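The values are calculated or read from the model by the stated rules, or taken from the named source; none is laboratory data. All of these numbers come straight from a predicted model, not from anything done at the bench. Backbone-built Cβ (ideal geometry, glycine too); neighbour counts: all protein chains shown. To get the accessible areas, we keep the full protein, side chains included, count just its heavy atoms, and leave off ligands, DNA and RNA. Shrake-Rupley method; radii C 1.70, N 1.55, O 1.52, S 1.80 Å.
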Amino acid sequence: MKNKKRIKTLLIYLIMLFFTVITIGPFIFTLLISLKGAQEGIFTTVLPQDPTLSNYVDAFRGANFGAFLLNTAIATGLAVPLNILFCSLAAYPLARMDFRGKTLALTVIISTMAVPFQLFMAPLFQLTGDLGLRNSYLGLIVLQVGTAFGIFLVRQAYLTIPKALEESAYIDGANIFQVWFRVVLPMIKPTLITLGIYTFTFTWGDYLWPLLNTTNSDMYTLSIGLAQLSQSFSGANMKLISAASLMTTIPSIFIFIWLQRYFVGTTSGAVKG
Amino acid sequence: MEMKRISKHAKKGKAFLAPWLFLLPALAVIIAFYIVPIFESFAWSVLDYQLILGEGEFVGLDNFRYIFQDSLFWLALTNSIVFLLLVLPMNIFLPMILASLVNQKLRGVGAFRLFYYLPVVTPMVVAALMWGMLYTESGLIGRLVFQLGLFDRPTNLLMQTATALFAVSVITVWKGLGYYMMIYLSGLQSISDEIYEAADIDGASFIQKFFRITVPMLTPSVTLVSVMTIINGLKVFEEIALTTGGGPSGATTTLVMYIFDKFMDLDVSTASAAGIILLLLAVGGSLLQMRISKSKEEDLKG
């Protein structure tokens, strides 16, 4: 009986390991390619014969990786706090107050989630041009602040906290804004951090909209820069692309690992860490 | 008396304003950058809109008539639907397996959860480029399909008409595994341990428990995953644009690629008309899926 259980456990680990190879494998291969020197064939051997970091250096020197990194960091740095602020503000009356137009507001906000971006990208492109948002950081993040997804996520979190605390704060004379900021917000910290992670990941990796709204190569984000590099998928380039790809991914992964313990799932139930 | 009435009135005014003040920033952004362009695209679909002039004449349903007569549109529509049919089963079952694996009380499952989630936080462009390298003829997958005897020489699956759409769908599924796993995980944690314990006493195997308890109990999560797969799957862009560009010979030209190409040709009215078809598919597909799941759920209860 005990032996049987041990075999079963071993089997589960083997299956988990198999899936790990699938999810992590592409990163390992990219890493190995990125470490190969100029003289080496990309696919001649799996392991680099003479590992070198020269591709990482070249990405900064030749491929303008530093400027793309800065642009992406600024856009993301704007989008994350703004989205958390706007969503947590908007979700509060939708969770706690009764007012005329509430159902309409909620319906309008949620229904934007089902609309594919490609439907309205052309009018949006014209709009940002008219507003002078082309080639600007604000132009990059117009769809990332006050997102319907974020409002929905935060509203679900508000609905799970008991009203009693807010009521006693009102009795103590706090106004509605103070109650929201001092009492309610601290209670949904994990959800706010989760929203921050989602916003970071999305803005950091966003491609199609930055591609359309950016015509000046000085304003390229990492995703656009990488895509431009890959236009010529030649041997030498592939090593450079590999190095730049991994450097693009590392901040995302780092942020996620760092804040993982606060991370809650998308549905209302919290996922145990 | 008079004072009291005024202050009460003021309070009422404030109570009316407060919710809208909270809503203002987000609602302003959503109206300006979602609602207005969405309605504008509806308008453009019945105009002959010139992006450079910023105006267009009313042409009725001509744009729709045009796309319905365009064989490339029908190919794109078919490809989008085939793509969904490829992705849906993989998205429903693979993350479910992952979730039930990492839901075990075993040492180190936290690390496995993290490993499965890493593709989710990886930028889509990076995912597309990494898989593009694996798929090249001398890349790992390119050679693997030869060694397995599936092809008589090393082959790039992205370059074959028959396999390109499937090859792309693998990238999409890979990227989403961890995300959907988390949805299932929260669904799983709402199933009480007692059911599994009872099954253990009856001597049920892991496989039996998976199909007899886990799958049926996860019906609400399956609905969520399916609806999200339909909505997201119809929007897929990077993994196609950066690997096949819609080729070979239109094999991976989905509706989104069709719209993108029209937009790049500044044919924005045709793009808007095709966009509306895309929207109808997203909404229709989601409603259909919810309806199917609902009847299943009722079967389960009855």
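What to note about this one:
- Residue list for segment A:151-182, restricted to those being open to solvent by 40 Å² or more (accessible area, probe 1.4 Å) and outside any helix (DSSP H, G or I): A:162, A:163, A:172, A:173, A:175
- Residues of segment A:24-82 classified as part of a loop (DSSP other than H, G, I, E, B) and without any contact (Cβ under 8 Å) to a residue 12 or more places away in the chain, total: 5
- The lone exception for residue A:104 - which of (1) of a type in the set (A, V, I, L, M); (2) open to solvent by 50 Å² or more (accessible area, probe 1.4 Å); (3) within 25 Å of the chain's Cα centre (by Cα) it fails: (3)
- Selected residue (only one of B:167, B:199 is out of contact with any Phe, Trp or Tyr (no Cβ under 7 Å at 6 or more places or on another chain) and of a type outside the set (Phe, Trp, Tyr)): B:199
- Considering segment B:251-266, and only residues there that are in contact (Cβ under 8 Å) with a residue 60 or more places away in the chain, surrounded by 19 or more Cβ atoms within 10 Å (Cβ to Cβ) and not aromatic (Phe, Trp, Tyr), the residue that is farthest from the other protein chains (Cβ to nearest Cβ) turns out to be B:251.
- Per-region count, segment A:117-145, residues among the polar types (S, T, N, Q) and more than 7 Å from chain B (Cβ to nearest Cβ): 4
- Hey, residue B:231 among the hydrophobic types (A, V, I, L, M, F, W, C), closer than 25 Å to residue A:16 by Cβ and either within 12 Å of chain A (Cβ to nearest Cβ) or within 23 Å of the chain's Cα centre (by Cα) (or both) or not: no
- Of all residues in segment A:90-116, those satisfying the criterion of being closer than 14 Å to residue B:17 by Cα and in a helix (DSSP H, G or I) are A:90, A:92, A:93, A:94, A:102.
- All of (1) within 14 Å of chain A (Cβ to nearest Cβ); (2) open to solvent by less than 40 Å² (accessible area, probe 1.4 Å); (3) assigned to a loop (DSSP other than H, G, I, E, B) hold for residue B:284 with one exception: (3).
- Scope segment A:12-35; condition more than 8 Å from chain B (Cβ to nearest Cβ) and hydrophobic (A, V, I, L, M, F, W, C); matching residues: A:14, A:17, A:18, A:21, A:28, A:31, A:32, A:35
- When residues of segment B:16-49 are limited to those that are facing another protein chain (nearest Cβ under 7 Å) and touching a residue at least 60 places away in the same chain (Cβ under 8 Å), the one farthest from residue A:209 (Cα to Cα): B:44
- Members of segment A:10-43 that are within 28 Å of residue B:176 (Cβ to Cβ) and of a type in the set (S, T, N, Q): A:20, A:23, A:30, A:34
- Checking A:148, A:114, A:95, A:67 one by one, the residue that is away from chain B (no Cβ under 11 Å) and either open to solvent by less than 10 Å² (accessible area, probe 1.4 Å) or of a type in the set (A, V, I, L, M, F, W, C) (or both) is A:67 and no other.
- Qualifying positions in segment A:35-53 - charged (D, E, K, R) and open to solvent by less than 40 Å² (accessible area, probe 1.4 Å): A:36, A:40
- In segment B:198-218, residue least open to solvent (accessible area, probe 1.4 Å) [restricted to those that are in contact (Cβ under 8 Å) with a residue 40 or more places away in the chain and not hydrophobic (A, V, I, L, M, F, W, C)]: B:214
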